[in-house]
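Only one structure is covered here, and it is reproduced in the block below.
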There are 2 protein chains.
Amino acid sequence: MTLALKPRLPLAAAAATFAAAALPLLLRALHSRWRRRCILSHVASHRSIRKFLPRPVDESVLRQVLSTAMRSSNNGNMQTYSCIITQDKRKLEQLALIHDNSAIASAPVLLTFVSDWSRMTRWCHLRGATPGYDNFNAFLTGALDAMVAAQSAALCAEAASLGVCFLGSTIWEPARLNAFFSLPPHVHVVTSLMLGHPAEHPPLRARLPAAAHLHREAYVPMDDGALAAYYAAREVEGWARYERLYGGGWAEKLRAHRLENLAQVYATIKYSGRDFRVWSRRLAASLEAQGFGRNEAAEGDEAPCACCGKWSHCLDPERFGAADAAER
Amino acid sequence: MTLALKPRLPLAAAAATFAAAALPLLLRALHSRWRRRCILSHVASHRSIRKFLPRPVDESVLRQVLSTAMRSSNNGNMQTYSCIITQDKRKLEQLALIHDNSAIASAPVLLTFVSDWSRMTRWCHLRGATPGYDNFNAFLTGALDAMVAAQSAALCAEAASLGVCFLGSTIWEPARLNAFFSLPPHVHVVTSLMLGHPAEHPPLRARLPAAAHLHREAYVPMDDGALAAYYAAREVEGWARYERLYGGGWAEKLRAHRLENLAQVYATIKYSGRDFRVWSRRLAASLEAQGFGRNEAAEGDEAPCACCGKWSHCLDPERFGAADAAER
Ligand SMILES: Cc1cc2nc3c(=O)[nH]c(=O)nc-3n(C[C@H](O)[C@H](O)[C@H](O)COP(=O)(O)O)c2cc1C
Ligand SMILES: Cc1cc2nc3c(=O)[nH]c(=O)nc-3n(C[C@H](O)[C@H](O)[C@H](O)COP(=O)(O)O)c2cc1C
């Protein structure tokens, strides 16, 4: 275009002008392709690491990973989560006991992410505001933010050549862990991340086909045939993995519990209904104990805002019609 | 070292041998540095995008983002979450109404992540196993996994030059959204992600200093002075942001509600205790309605496993001594 508009410009100069204009665009396009490839291949090559070298994690790397992760999305920019860094050898050993997971004792770092409304609540008090963050919605909001930050931290740590492994056991012993970390009211554990230089290099672990996870426009339950097909490869891979991990005791364990397939192993031994129910009740109790149990309507909740007449300043129930205002 | 051991090797050949050995190491070190920089700077440059170009999201990019995100960590590799993709214009408009967020109507894609134990439960039934995933622990476990996948999807989408914004409103109208997506039992909404080509390029949004988030070995509550200092910059930035966003109506709103500072705006208008309590009760009801409410001990839960005598196959309470076995 520039060329067409300035026909008297000598050709060489025109070419140079064109190159000068095109080069940044080309470089930007290349950089953008390359960045996309870098990120996607990084996320795709994740594997959990459960064995660590005794080598410590560099303090500046740890700081950088954590402060970078805190740039991630968080609800309303309230940042209602925190992270507790454990590096003390004796503390790691105690945590290994609480989690019932010996790998923790050999990890140089354990990060414990907590849902944290203590900071926000205290700030409100300091500024003459009345915080209402002592309920289930508050806990869950902070917990979801904690996971966003934890996954960013995991990806950043892996980018710094560290190995990571999440620990679901964090919500199986919540009261013990809340006490262990001296969590004040309005703070509750959510998840943990072991961190260290990898002493193992496992292959990528299997996943169900992506289609099993994805739904278009509405949830479409699959039929039994499709379900069985999706799990077919997993049944073989998962079974072989346990045989490998448990060695000689595996056959004995299966016999004792009369287990014949991977689904039965999951439902009976790995994640039993009994355990899930115990953990559910413990969670309900520890949420209450940490000050997240005040869900009932408080005085004044039965009437709309005295200042503007709205039932909610955030979601307006009247957008669906009058019936909803009453429903509150 | 090679040089010292083979003194008769001509110098040029030795140098070549050395270079051949060193080059891959050097390249690997460079690649690793470069990857680390790429990932960390990518995570650090995130900003939520709420305005989108009408340009659709390329189908192959969407697929790649989602299947890559599904390589992320997930509890016990059970993959107990799913993702519902909304692209239908009319559906997006309805969702904008339910979320009370008009930006959704102009986003080409909305991803809704759900905690999903339906697949796992049906697989168990198909294989003669007895699933116990109809409780709070199951919902929360799937919800935490959903957030890990959602954050990976967010980072991958951003790497593909898309803009994203999470929606906390997903858990404010859970029953409506569960119905909207026809979620079967043992499936419940968790979070949503708007996705599209950015039509805005906002600056990085403020964060509290990283130190406000981080604790060493145990949670150390900060004193009021430190707290005020941490929030000082936020109070100015957040206030200016609302003035900019709300324009003329802002001063009026403040006067009507007698609000004097940012903390009061949060606690009274943005995230009021009344709203949080309503949302808490709605969540409790929708969890129950979706089949996640069976937390009481079931028949057989009061005795240890008949096969092996353990109370839990996953966490062994006896590791703390006999008192705990009874505590279950
Ligand atoms: C779980 C979650 C829920 C969110 N909900 C909303 C929302 O409903 N509406 C919105 O505009 N932004 C929402 N956000 C985005 C935050 O407002 C945003 O991440 C935060 O203000 C920080 O800004 P940044 O992401 O641009 O750094 C949410 C973020 C998260 C992680
Ligand atoms: C929330 C969460 C909790 C987890 N809990 C544990 C755990 O307690 N112990 C463990 O060894 N791995 C745990 N993992 C790691 C998963 O087992 C692992 O991500 C999954 O098996 C897939 O393997 P991969 O991460 O190597 O791809 C957890 C992962 C997540 C996301």
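The values are calculated or read from the model by the stated rules, or taken from the named source; none is laboratory data. Values in this document were obtained by computation on a predicted structure and should not be read as measured data. With ideal geometry, Cβ positions are generated from the backbone for all residues, glycine too; neighbour counts draw on all protein chains shown. What goes into the accessible areas is simple: the full protein's heavy atoms, side chains included, and nothing from ligands, DNA or RNA. Shrake-Rupley method; radii C 1.70, N 1.55, O 1.52, S 1.80 Å.
Full extension of the segment from A:Ser41 to A:Phe320, taken as 0.36 nm per residue of separation minus the current Cα-Cα distance, would add 96.0 nm.
Overall shape of the range A:99-198 was characterised from the C-alpha gyration tensor. The equivalent ellipsoid obtained from it has semi-axes of 28, 15, 11 Å, in decreasing order.
Within the assembled protein chains, the solvent-accessible surface assigned to B:Lys310 is about 70 Å², based on a 1.4 Å probe. Per the accessible-area calculation with a 1.4 Å probe, the total area buried between chain B and chain A rounds to 15300 Å². Find the centroid of the Cα atoms in the range A:231-300 and in the range B:32-95, then give the distance between the two in whole Å. Distance between centres, Cα-based: 29 Å. Counting 0.36 nm for each residue step from A:Ala256 to A:Ala199 and taking away their Cα separation leaves a gain of 17.2 nm. For the segment B:76-84, counting C-beta atoms of other chains within 10 Å of every residue's C-beta and taking the mean gives 5.
Here the range B:138-178 is described by how far its Cα atoms reach on the three principal axes: 33, 21, 12 Å, from widest to narrowest.
Figure note: B:Ser161, B:Ser286 ranked by solvent-accessible area, largest first, 1.4 Å probe, ligands and nucleic acids not counted: B:Ser161, B:Ser286. Subtracting the Cα-Cα distance of A:Ala175 and A:Arg241 from 0.36 nm times their residue separation leaves 20.5 nm of extension gain. Position A:Arg63: other-copy label points at 4.6 nm, ordered by increasing distance, label point 7 Å along Cα→C-beta.
Shortest first, B:Lys253 label-point distances to identical copies amount to 5.6 nm, with the label point at 7 Å from Cα along Cα→Cβ. Counting only other chain Cβ atoms within 10 Å of each residue's Cβ, the peptide A:159-166 averages 4. Kindly provide the Kirkwood hydrodynamic radius of the range A:228-328 in Å, to one decimal, from all pairs of distinct alpha carbon atoms. Across the range A:228-328, the inverse of the average 1/r is 18.9 Å. In this structure chain B gives 43 Å² per residue of accessible area when probed at 1.4 Å with all protein chains present. A point 7 Å from Cα along Cα→Cβ stands in for A:Glu288, and the other copies hold the same point at 1.5 nm, listed in rising order. By the Stokes-Einstein formula, at 0.890 mPa s and 25 °C, the protein assembly as shown with its Kirkwood radius over alpha-carbon pairs has D equal to 92 µm²/s. Accessible area ranking (1.4 Å probe, heavy atoms, ligands and nucleic acids excluded), largest first, for A:His188, B:His125: B:His125, A:His188.
Within the same chain, aspartates and glutamates fewer than 8 places from B:Lys310 are excluded, and of the rest, those with a Cα less than 18 Å from its Cα are A:Asp100, A:Glu173, A:Glu252, A:Asp275, B:Glu299, B:Asp301, B:Glu302, B:Glu318, B:Asp324, B:Glu327.
Take each residue of peptide B:215-225, count the partner chain Cβ atoms within 10 Å of its Cβ, and average: the result is 6.
By the gyration tensor of its Cα atoms, with a ≥ b ≥ c the square roots of the eigenvalues, what is the shape of the range B:184-225: rounded for a/c under 1.5, prolate for a/b over b/c, or oblate? It is oblate, given that a/c is not under 1.5 and a/b is not larger than b/c.
Normalised by residue count, chain A yields a Cα convex hull volume of 293 Å³ per residue. Over the range A:31-165, the hull volume per residue, using the convex hull of the C-alpha atoms, is 154 Å³.
Only protein heavy atoms count here; under a 1.4 Å probe, A:His215 has an accessible surface of about 10 Å². Based on alpha-carbon atoms, the Kirkwood radius and the radius of gyration of the range B:59-119 give Rg/Rh equal to 1.04. Only protein heavy atoms count here; under a 1.4 Å probe, A:Tyr230 has an accessible surface of about 60 Å².
Checked against a 29 Å cut-off, the cross-linked pairs A:Lys91/B:Lys270; B:Lys91/B:Lys270; B:Lys91/B:Lys253; A:Lys91/A:Lys253; B:Lys89/B:Lys253 give Cα-Cα distances beyond that limit for A:Lys91/B:Lys270; B:Lys91/B:Lys253; A:Lys91/A:Lys253; B:Lys89/B:Lys253.
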